[in-house]
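Have a look at the structure below, then the notes.
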Amino acid sequence: MTMKAWRLDRLGGDLRLENVPMPEVRPGSILVRVEASTLMSYIKPYVEGRLPPYHAPSGGFTPGGNCVGTIETAGKDVWQLAPGQRVLVSSFPLARERSRPRANSHRRDLVRSRQREGAGGLAGWNAR
């Protein structure tokens, strides 16, 4: 199975819309069908390779930041998210590990996260 993706062969290289293989869902991960994505004010200089502090992965990659979409598939060990849920995917890393889930904990954690970190850090936020 394939999907369309904007791919950049390297910073300063060619940006092309390509057919690429659908990613495999690994344990602890989800596959999100992106419905809307941000267009960052600095995307043009980033794609052109004119922002030295930003390091791109080696080889081809899909540039991007935050997006909103619907979960297509959830991998093993994903317990708070399910296919069909709309989610906000953030480029800000956020980690909270627990031995077991608590009822409505995602709502409390979202409020605490926003108080502590500002609007960022909403990775995996349930958009229902």
Search result, residues across region 33-47 that are under 18 Å from the mean Cα position of the chain (by Cα) and charged (D, E, K, R): 33, 35
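Test residue 35 against the criterion of being touching a Cys at 6+ places or on another chain (Cβ under 9 Å), more than 23 Å from residue 9 (Cβ to Cβ) and modelled with pLDDT of 50 or more, and give yes or no.
Working: touching a Cys at 6+ places or on another chain (Cβ under 9 Å): yes; more than 23 Å from residue 9 (Cβ to Cβ): yes; modelled with pLDDT of 50 or more: yes.
So residue 35 passes the test.
Suppose we keep only residues that are surrounded by fewer than 11 Cβ atoms within 10 Å (Cβ to Cβ) and farther than 15 Å from residue 61 by Cβ within region 5-32. Which one would you say is farthest from the chain's Cα centre (by Cα)?
So the first thing to find is which residues in region 5-32 are surrounded by fewer than 11 Cβ atoms within 10 Å (Cβ to Cβ), and the list is 14, 17, 19, 21, 24, 27.
Then keep just the ones that are farther than 15 Å from residue 61 by Cβ; that gives 19, 24, 27.
Numbers: 19: 19, 24: 15, 27: 16 Å.
The extreme case among them is 19.
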If I filter region 44-56 down to residues being surrounded by 11 or more Cβ atoms within 10 Å (Cβ to Cβ) and modelled with pLDDT under 85, which single residue comes out as farthest from residue 7 (Cα to Cα)? 54
Please enumerate the residues belonging to region 1-53 that are without any contact (Cβ under 8 Å) to a residue 24 or more places away in the chain, assigned to a strand (DSSP E or B) and of a type outside the set (A, V, I, L, M, F, W, C). 2, 4, 16, 18, 19, 21
Out of region 68-115, which residues are at pLDDT 65 or above, small (Gly, Ala, Ser) and surrounded by fewer than 16 Cβ atoms within 10 Å (Cβ to Cβ)? 75, 82, 84, 91
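The values are calculated or read from the model by the stated rules, or taken from the named source; none is laboratory data. Because the structure is predicted, anything quoted here is derived from the model rather than measured. FYI the Cβ positions are ideal-geometry reconstructions off the backbone, even for glycines, and counts take in every protein chain you see.
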